[in-house]
Amino acid sequence: LHGFLDARDTKAFIVLQGGRIAVEWYFDSFSQDSLWYWASAGKVVTGALVGKAAGEGLLDLDATTSEYLGEGWTNCPEAELGITVRHQLTMTSGLDDDVNNRDCTVPSCLGCLEEPGERWAYHNGVYTLLTEVLSEATGMGQNLFLATRINQPIGTSMVYVPVGFNRVLYSRPRDMARFGLLALRQGIWAGDTVIPPAYLAEAMNPSQELNPSYGHLWWLNGQPSYQVVTTQMVLPGPLIPSAPSDLVAGLGMNDQKLYVIPSSDRVIIRMGDDTGEGVLAGSSFDELLWQRLAALTASAWTCACNGDLNGDG
């Protein structure tokens, strides 16, 4: 497994078992203090912040996006009045993603194609505007809201960095693992509710029938089919056949991976460079990695825990 990860330009790989570090590997000059980008895996953090804001009564998931961004945020004023925050969370806005720059957030890039809720399309520009919705609803910048609602309670140092139209999340590897543990624990940390459990339960289950392998910005394994990003192609079977059926994931370009597996009380993260496909979200790397993970016995995650001096797990 170590050789496989090293050969595919991995920088960090962590396994949390039962909330503890069972495996922590860094490659080349990367270390536990190095910063790296999450790419679209960071969408799950944005979704958590939206859920937190909703739980505090600062926004309504079923309110129209125009209520927060004002009218004219798209290039189709009539249809935009039917687009809600929930449509943004589930990639079902109906806006046309077949544009030169799918990251573009200006109105001229956001034309209408279908009625809201009638088409699933992985559209970064529409997602990115959720950060603007958050800022308008909460009255503070996204990084301040992130710092006060998640970073401070769970001890992470995640931060959004503007990159073109995008807002890209950066952190240390342990921060990604720690956020995964927060999701695994249904939003509860040290007895305190950080993210509303009801929101996470909804976010980590199918959000619509068009692409049952997608929740609220989380990818879901174990579903009967999934849609390939940037296309309208639907393929039968689960997203990652060799992975546990209850796995949920944040998946980002160049194979940034955050896997949460409730049935085994496990979180796995991978940060690094592209493993060969250069695609958004999921790739064949997921299946290749999980074939190797599935071959390991449960003892692989417990026999070498940090501090386990007598080897009893």
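Just one residue in the set GLY237, GLY164 is in contact (Cβ under 8 Å) with a residue 40 or more places away in the chain and not hydrophobic (A, V, I, L, M, F, W, C); that residue is GLY164. Taking the range 61-79 as the range and being open to solvent by less than 80 Å² (accessible area, probe 1.4 Å) and assigned to a loop (DSSP other than H, G, I, E, B) as the test, the residues that pass are LEU61, ALA63, THR65, GLY70, GLY72, TRP73, THR74, CYS76. When the strands (runs of 3 or more DSSP E) confined to the range 195-253 are screened for residues that are within 16 Å of the chain's Cα centre (by Cα), those reaching at least 3 such residues are found at 248-252.
Checking every residue in the range 139-149 against the condition of being touching a helix residue (DSSP H, G or I) at 6+ places or on another chain (Cβ under 7 Å) and closer than 30 Å to LEU235 by Cβ gives zero matches. The sole residue among GLN152, GLN142 that is out of contact with any Leu (no Cβ under 6 Å at 6 or more places or on another chain) and more than 23 Å from ASN205 (Cβ to Cβ) is GLN152. Applying a threshold of 7 Å to beta carbon distances and a minimum spacing of six or more residues, or different chains, the list of pairs starting in the range 137-153 at a residue that is on the phi < 0 side of the Ramachandran plot and in a loop (DSSP other than H, G, I, E, B) and ending at one that is at pLDDT 95 or above and open to solvent by less than 40 Å² (accessible area, probe 1.4 Å) reads GLY141/SER135.
When you go through LEU129, LEU95 one by one, which is the residue that is in contact (Cβ under 8 Å) with a residue 60 or more places away in the chain, at negative phi and hydrophobic (A, V, I, L, M, F, W, C)?
Values: LEU95 fails: in contact (Cβ under 8 Å) with a residue 60 or more places away in the chain.
When all the criteria are applied, what remains is LEU129.
A single entry from THR84, THR131, THR92 fulfils the requirement of being touching a Lys or Arg at 6+ places or on another chain (Cβ under 9 Å) and under 16 Å from GLN208 (Cβ atoms): THR92.
The values are calculated or read from the model by the stated rules, or taken from the named source; none is laboratory data. It should be emphasised that the depicted structure is a prediction, and the values quoted were computed from it without experimental measurement. Positions of Cβ are generated from backbone atoms using ideal geometry, with glycine treated the same way; all protein chains shown enter the neighbour counts. Surface areas here come from the heavy atoms of the whole protein model, side chains and all, with no ligands, DNA or RNA. Shrake-Rupley method; radii C 1.70, N 1.55, O 1.52, S 1.80 Å.
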